[in-house]
Amino acid sequence: MSKTRIATGLASLAIGVGGVSLALLTPAADPADPALSSVEGTARAVSLACGPDFENTMGETTAGIGGEDSTDLVRTRTIVVSGGDASLAGTTIESEGADNLRSSFESGAFPGELRVEPGDEAALATGTTQRFQDRGELAGMAMTPCVAPATEQFLVGGATSASSSSQLVLTNVSGSPATVNIDVYTSTGEAAPSILSSTTVDAYSSETLLVEAGARDARLAFRITSTGGEVAAQLLTHEVDGIVGSGVETVSPGAAPSQRVVVPGADLSGENGDVSLRVANPGSKTATVSVLSATTDGTEEVPGSQDVALAPGTVLDLSMDGLGGDWSALIVDADRPVLAAARVDLEGDFAWLASGEPVTNGVVTIPDSESYVTLYSAEPTGATITFYDHLGAEVEETEVDVDEIATVASPDSASHAVVEADAGVYAGILSVKELETITGIAGLTLTIPPAGSSDLELQVIN
């Protein structure tokens, strides 16, 4: 277990011009036509938690190809699309692009707070730390996004078998300590209480827990809850093949348990890796699940993945080999709320694609990679994807018709992408980069404007 103090932008707490309008009900004779009174308030600042870099956790078991680790490259890029003043780890992000768009790019990881003060529009911002390495224990490519803190989060992915290591990173960017409880689901059921079960994350701090110290299993999923303060949870996971590193990845929060879970962004053609689907049952009763794949060829049942019984607290991996089509959304239907995520395996690296919720506006940072943005909607809708370079200059704008599935590849110089849709779409991003001897691969999701970051009208009816 390790604890780290993080830098924040709290010293620059200047309230922007955005406001919250609260409409409060006063007693009225006719409840169908209530008298409302307005109270002016202030929109809150938005804080995203940016995580630390990976660590070697397997000792001397991996010397890498040729007996030495290759040089790694770690860098962090951020973009602020809208909102007021912004800072990363206390350093102001200056305007470089058009309008109010701002970006930054730094060498190394910047664990801490990406903070955006209220502005005229809802705050929309994100950041990603990219790391890639050709040889050694941490060979492969990972994209670690800055994520929004919450009181409940779910992670699906990772392993702690003999050839795998996972670190659970909990970041608290608030001024209050957070008491965190962690439920771990495995291939045989919910893990017994251990050193992982509960911890306290101090204000403006990050804590890293070595998962294998409390649970050893090839299939993992997590429920993280906190009281006293919100935390951001991420899983840094890596694997080895003998004495050779065989991939790194960051698992970020996905959708809450649901009877329908959508995981967009996997390429079923095999050109960008082999796909499997992980499903977890966090409930206390057996769930029955069935899987569909939606591609440009239509929606079909996945053979061998229909009416599968999933015992309480267990995690199951299902192969998606042999399916038709290419870019997809994998859809899990269940009679009880479940969790899901997709894993993509290439020789030498792997990626995890999280489940999501439908969104109409979001942003993702995709530095130095060929990235594929996949949008899914059960009903036809339109969307616009705008790509920006690392300075915030617009590179390309693409309008797409989302008739179930639409996928757009990023242009060469793109570092960021903003998605705007006419109706809610599910979005998944798969990033690929050719390294010296392997192909790096990583999964990402969109960051959306958090609630309360713009004007709000609340009506309270007794």
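Given the criteria part of a loop (DSSP other than H, G, I, E, B), at pLDDT 95 or above and more than 15 Å from PRO282 (Cβ to Cβ), does ALA218 qualify? The answer is yes for ALA218. Test ILE93 against the stated conditions and say whether it is modelled with pLDDT under 90 and not hydroxyl-bearing (Ser, Thr, Tyr). Against the criterion (modelled with pLDDT under 90 and not hydroxyl-bearing (Ser, Thr, Tyr)), ILE93 does not qualify. Here the condition is being in contact with a helix residue (DSSP H, G or I) (Cβ under 7 Å, 6 or more places away or on another chain) and closer than 26 Å to PHE132 by Cα; of VAL248, VAL240, VAL244, it holds for VAL244 alone. Taking (1) open to solvent by 10 Å² or more (accessible area, probe 1.4 Å); (2) charged (D, E, K, R); (3) under 28 Å from ARG115 (Cα atoms) in turn, GLU207 satisfies each apart from (1). For segment 419-428, name all the residues that are surrounded by fewer than 24 Cβ atoms within 10 Å (Cβ to Cβ) and touching a Leu at 6+ places or on another chain (Cβ under 8 Å). Of everything in segment 419-428, those that are surrounded by fewer than 24 Cβ atoms within 10 Å (Cβ to Cβ) and touching a Leu at 6+ places or on another chain (Cβ under 8 Å) turn out to be VAL419, ALA421.
Results for (1) under 27 Å from GLU394 (Cα atoms); (2) not hydrophobic (A, V, I, L, M, F, W, C), shown as yes or no for each residue.
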{"site": "LEU323", "(1), (2)": "no, no"}
{"site": "ASP333", "(1), (2)": "no, yes"}
{"site": "ARG336", "(1), (2)": "no, yes"}
{"site": "LEU339", "(1), (2)": "no, no"}
{"site": "ARG343", "(1), (2)": "no, yes"}
{"site": "THR365", "(1), (2)": "yes, yes"}
{"site": "GLU370", "(1), (2)": "yes, yes"}
{"site": "GLU379", "(1), (2)": "no, yes"}
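Just so you know, in segment 62-90 the residues that are touching a strand residue (DSSP E or B) at 6+ places or on another chain (Cβ under 8 Å) and modelled with pLDDT under 80 include one that is surrounded by the fewest Cβ atoms within 10 Å (Cβ to Cβ), and it is THR71. Of all residues in segment 180-199, which are open to solvent by 60 Å² or more (accessible area, probe 1.4 Å) and either in a strand (DSSP E or B) or under 19 Å from GLY158 (Cβ atoms) (or both)? Hits for segment 180-199 are ASN181, THR188, GLU190, ALA192, ILE195, SER198.
Counting the residues of segment 371-412 that are open to solvent by less than 40 Å² (accessible area, probe 1.4 Å), more than 20 Å from SER252 (Cβ to Cβ) and assigned to a strand (DSSP E or B) gives 15. Of the residues making up segment 290-301, those that are surrounded by fewer than 22 Cβ atoms within 10 Å (Cβ to Cβ) and among the hydrophobic types (A, V, I, L, M, F, W, C) number 1. Taken as a whole, the structure leaves GLY270 outside the set of residues that are modelled with pLDDT of 95 or more, among the small types (Gly, Ala, Ser) and part of a loop (DSSP other than H, G, I, E, B).
Consider SER276 carefully, then state whether it is in contact with a Leu (Cβ under 7 Å, 6 or more places away or on another chain), among the small types (Gly, Ala, Ser) and assigned to a strand (DSSP E or B).
Judged against the criteria, SER276 is a match.
Quick one: is VAL359 open to solvent by less than 10 Å² (accessible area, probe 1.4 Å) and at pLDDT 95 or above? So VAL359 fails the test. Of the residues making up segment 156-179, those that are surrounded by fewer than 21 Cβ atoms within 10 Å (Cβ to Cβ) and of a type in the set (Val, Ile, Thr) number 1. Among the residues of segment 210-233, those identified as surrounded by 19 or more Cβ atoms within 10 Å (Cβ to Cβ) and of a type in the set (Val, Ile, Thr) are VAL211, ILE224, VAL231.
If you go through segment 125-158 and keep only what is aliphatic (A, V, I, L, M) and either closer than 13 Å to SER246 by Cα or in a strand (DSSP E or B) (or both), you end up with ALA125, LEU138, ALA139, MET141, ALA142, MET143, VAL147, ALA150, LEU155, VAL156. The residues of segment 298-326 that are within 23 Å of GLY158 (Cα to Cα) and assigned to a strand (DSSP E or B), listed by number, are VAL308, ALA309, LEU310, THR314, VAL315, LEU316, ASP317, LEU318, SER319.
For the condition within 30 Å of GLU121 (Cβ to Cβ) and open to solvent by 10 Å² or more (accessible area, probe 1.4 Å), what is the one hit in ASP368, ASP317, ASP326?
None of the others qualify; the one that does is ASP368.
Under 8 Å between Cβ atoms, at least 6 apart or on separate chains: pull out the pairs that start in segment 422-442 with a residue that is without any contact (Cβ under 8 Å) to a residue 40 or more places away in the chain and end on any residue that is part of a strand (DSSP E or B) and open to solvent by less than 30 Å² (accessible area, probe 1.4 Å). Sorted first by the residue in segment 422-442, then by its partner, the pairs are GLU434/GLY440.
Please verify whether VAL240 is farther than 26 Å from VAL291 by Cα, β-branched (Val, Ile, Thr) and open to solvent by 10 Å² or more (accessible area, probe 1.4 Å), treating the condition exactly as stated. Yes. Here GLY112 clears all of (1) modelled with pLDDT under 85; (2) open to solvent by less than 60 Å² (accessible area, probe 1.4 Å) except the condition numbered (1).
The values are calculated or read from the model by the stated rules, or taken from the named source; none is laboratory data. Bear in mind that the values here come from a model prediction, so they are computed numbers and not experimental data. A quick note on method: Cβ atoms are made from the backbone with ideal geometry, for glycine too, and the neighbour counts reach across all protein chains shown. With ligands, DNA and RNA removed, areas are computed over all heavy atoms of the protein, side chains included. Shrake-Rupley method; radii C 1.70, N 1.55, O 1.52, S 1.80 Å.
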